[in-house]
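Chemist: Questions regarding the structure given below will be posed in turn.
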Amino acid sequence: MSKYDKMVALNAERSKEKIEKAKKTIWDMVDKEEKVTIPKLMQKTGLSRGFFYKNNVIRGELDRALECQVGMIDPRRSIINHAMDQQILRLQKQIAEQKQKIESLEKENARLKRAIDQKSVNFLKNL
């Protein structure tokens, strides 16, 4: 085997390793529900931007990963949604308390009206 053949084989092996590393990183990000972006992949793998754009195998993996993440929720959005859910629960509790207060006030109002009617009847009897 000539030096050239050895070099070609070595380059092919390195290329396969890079592709596997990139694939693994892409799908790890999908599994962890991280948004897959080229800059994040560059940072995590140490591979160049051009590698992700020019390599057809990796480009296909990126496209599939992005399709999987179409409905993915941004982590910040989930935090905001959780906070909003907590606020809704607090407000629902306040509404329930206010409804109870309204009921008790309506009962008291009805009792006081009966008392006034009773006094009016007694007053008329005394005339």
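Chemist: Once you've got the Cα coordinates, tell me which of LYS3/LYS35; LYS6/LYS54; LYS93/LYS119; LYS6/LYS44; LYS3/LYS40; LYS93/LYS113 are over 32 Å apart.
Modeler: Values: LYS3/LYS35 43 Å; LYS6/LYS54 24 Å; LYS93/LYS119 39 Å; LYS6/LYS44 29 Å; LYS3/LYS40 37 Å; LYS93/LYS113 30 Å.
Violating the 32 Å limit, Cα to Cα: LYS3/LYS35; LYS93/LYS119; LYS3/LYS40.
Chemist: Show me the three semi-axes of the equivalent ellipsoid for segment 1-66, from the C-alpha gyration tensor (sqrt of 5 times each eigenvalue), largest first, rounded to whole Å.
Modeler: Values: eigenvalues 142, 21, 20 Å².
Largest first, segment 1-66 gives 27, 10, 10 Å.
Chemist: Sticking with this structure for a sec: What does the convex hull of the Cα atoms of the chain come to per residue, in Å³, rounded to a whole number?
Modeler: On the way: hull volume 14.6 nm³, N = 127.
For the chain, the hull spanned by Cα atoms encloses 115 Å³ per residue.
Chemist: Place a +1 charge on the Cβ of each Lys and Arg in the chain and a -1 charge on the Cβ of each Asp and Glu, then give the dipole magnitude about the Cα centre in debye, rounded to the nearest 20. Intermediate values should be presented prior to the final figure.
Modeler: On the way: 28 positive and 18 negative charges, 65 e Å.
Computed charge dipole of the chain: roughly 320 debye.
Chemist: Based only on Cα atoms, what Rg/Rh ratio does segment 38-93 have, Rh being taken as Kirkwood's radius?
Modeler: Expressed as Rg/Rh, it is 1.29.
Chemist: So, one more: To make sure I understand, if each residue's beta carbon is the centre and we count other beta carbons within 10 Å, what order do TYR4, TYR53 fall in, fewest to most? Walk me through the numbers on the way to the answer.
Modeler: On the way: TYR4 8, TYR53 11.
Ordered from fewest to most neighbouring Cβ atoms within 10 Å, TYR4, TYR53 come out as TYR4, TYR53.
Bear in mind these aren't lab numbers, they're just calculated from the coordinates by the rules spelled out. Predicted model, so just to flag it, every value in this text is computed and none were measured. Positions of Cβ are backbone-derived with ideal geometry, glycine not excepted, and every protein chain shown enters the neighbour counts.
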